[in-house]
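Below: the structure, in structure tokens.
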Amino acid sequence: MLGLVAEARDIGAGADRAFLITAHQLVAARVRPVYAMDERQPVSTTLGLGRGSCSQRLALLEAVARGSGIATRVRGLLIDGRFWHPRFPRLRALIPRQVVLAWPEFLLAGRWVAVSEPGPLRLP
């Protein structure tokens, strides 16, 4: 994981926001999204496997941010399980009615910025 921090810092040199944008792009490129239920999976495992749930991938982004000295905090978002049906049609029967997502925020220039805030840090 330290290699990912260093690579993001090299590419996204400068402000913390640029670093986070770069780190998010690196995580998105290296860790493919999957439906998973083990939300306690270590970020090192997620990175090593090259796949993870949304929460696992966001936990990796948080770890990279913290590893670079950017403070983070997490909110829980309650999502209707049907949101996932188009993305994971074969797993429809396993998806609960409601899913809690860990949704990180990053302390940038003295302000908490959600990962979903409009702008280049927004998740695809």
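Out of curiosity, is L61 of a type in the set (A, V, I, L, M), at pLDDT 90 or above and over 23 Å from A114 (Cα atoms)? So L61 fails the test. On the given criteria, is R82 free of Cβ contacts under 8 Å to residues at least 40 places away in the same chain and over 19 Å from the mean Cα position of the chain (by Cα)? Yes. Residues in the range 91-112 that are part of a strand (DSSP E or B), free of Cβ contacts under 8 Å to residues at least 60 places away in the same chain and in contact with an Asp or Glu (Cβ under 9 Å, 6 or more places away or on another chain): Q98, V99, V100, P104, E105, L107, W112.
Taking first residues from the range 38-49 that are at pLDDT 90 or above and partners that are among the hydroxyl-bearing types (S, T, Y) and in a helix (DSSP H, G or I), no Cβ contact under 9 Å between residues at least 6 apart in sequence or on separate chains turns up.
Take A114 and decide whether it is in contact with a Ser or Thr (Cβ under 7 Å, 6 or more places away or on another chain), farther than 18 Å from L26 by Cβ, among the hydrophobic types (A, V, I, L, M, F, W, C) and surrounded by 12 or more Cβ atoms within 10 Å (Cβ to Cβ). Here the answer is no, as A114 does not meet what is asked.
The values are calculated or read from the model by the stated rules, or taken from the named source; none is laboratory data. Predicted, not measured: the structure shown is a model, and the values here were computed from it. Positions of Cβ are generated from backbone atoms using ideal geometry, with glycine treated the same way; all protein chains shown enter the neighbour counts.
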